[in-house]
1. Cα axis of helix 134-152 to longest principal axis of the chain: angle in degrees, 0 to 90, nearest 10?
2. Quick one: what are the phi-derived ³J(HN,Hα) couplings along segment 191-201, Karplus 6.51/-1.76/1.60 with θ = phi - 60°, whole Hz, x for glycine and proline?
3. Pick from His77, His162, His31: which residue has the top mean-square fluctuation in a GNM of the chain where Cα pairs under 10 Å get a spring?
4. Considering only DSSP beta bridges with both partners in segment 17-261, what is the antiparallel share in %, to the nearest 5?
5. Please state the relative contact order of segment 17-261 as a whole percent: Cα pairs under 8 Å, 6+ residues apart?
6. Roughly how many debye, to the nearest 20, is the charge dipole of segment 1-98 about its Cα centre, given +1 on each Lys and Arg Cβ, -1 on each Asp and Glu Cβ, and no other charges?
7. Using amide H atoms built 1.01 Å from N in the peptide plane, name the residues 5+ places from Val56, or on other chains, whose amide H lies under 5 Å from its own.
8. Give the calculated FRET efficiency between His113 and Arg245 to the nearest 0.05, with a Förster radius of 45 Å applied to their Cβ-Cβ distance.
Amino acid sequence: MTTTDISSSPAASADAESQALRRQRLLNRSHKNLRRDVGRAIADYNMIEEGDYVMVCMSGGKDSYTMLDILLSLQKHAPIDFRLIAVNLDQKQPGFPEHVLPDYLSKLGVEYHIIEQDTYSIVKEKTPEGKTFCGLCSRLRRGSLYSYAKQIGATKVALGHHREDIVETLFLNMFFGGTLKAMPPKLLSDDKQNVLIRPLAYCSEQEIARYAKLKEFPIIPCNLCGTQENMQRRTIKEMLKQWDREYPGRVESIFRSIANVAPSQLADPRLFPFSGLKAISDEATPIDITNIG
């Protein structure tokens, strides 16, 4: 029997059909999980409102593809009307496949725009030897995207940061910046001109990666900083992965703590009036020694 005969046998066809069904079940389950988490985040933080024009920032990575896909799904069934526009910043990195996103978005039938701006050369020129590109690259990218959002009248700017991104930022600021802050699911930009939302805030990176693989998104890797060694974020990422291997659910617990803050149990006098604390003394009230300590 030839190879062709084997591959076209009833058993082989049945096996292929079984694998296709299993893949579809996994895809459906992953989509359901992500849609649930995105929907909950949007509701908890009132991210999208009636009549919003949401600019979805597309990098070509798994997170932004997933964000757009889930928002498009929610748009079809949401009880409110809102518009979406996908926007990518072409930073003119050498070898960047300029056709990938336009081809994908055109086939999807979604409104989109590609901003062309050579921030790559600026980052390469301005970043000292041995330093990472991410800081300056992010600032330039944000400036371009926020300016375009104002130009088109977008009411919200959607960024693709997920739960692990937020937790990693928390530890980056703690370890290297001496501040207790992360990335909020919803934020007013410094110039007060843009409202930023992070619809994937409740989504795990693992679920997003699974979904992106099953959907076969045309992923575009970041070749500007992706190969740099000793990045602080990479160190934090590995630390959190190790923690989660040893204690499953720890990252999720850390994320929940960000939304469950007790200012009186920290040490920032700007958030809690420590200087004005005074004990209440009432001699007429008997002391219950069972409650002491």
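No lab work stands behind these numbers, since they all come straight from the coordinates. Predicted, not measured: the structure shown is a model, and the values here were computed from it. Glycine also receives a Cβ, built like all others from the backbone with ideal geometry; neighbour counts cover every protein chain displayed.
1. Result, in degrees: 80.
2. So the J values, rounded to whole Hz, are 8, 6, 9, 9, 9, 9, 10, 10, x, 8, 4.
3. It is His77.
4. 15
5. 25
6. So the magnitude is around 320 debye.
7. Result for Val56 returns Ile85, Ala86, Val87, Ala158.
8. About 0.60, to the nearest 0.05.
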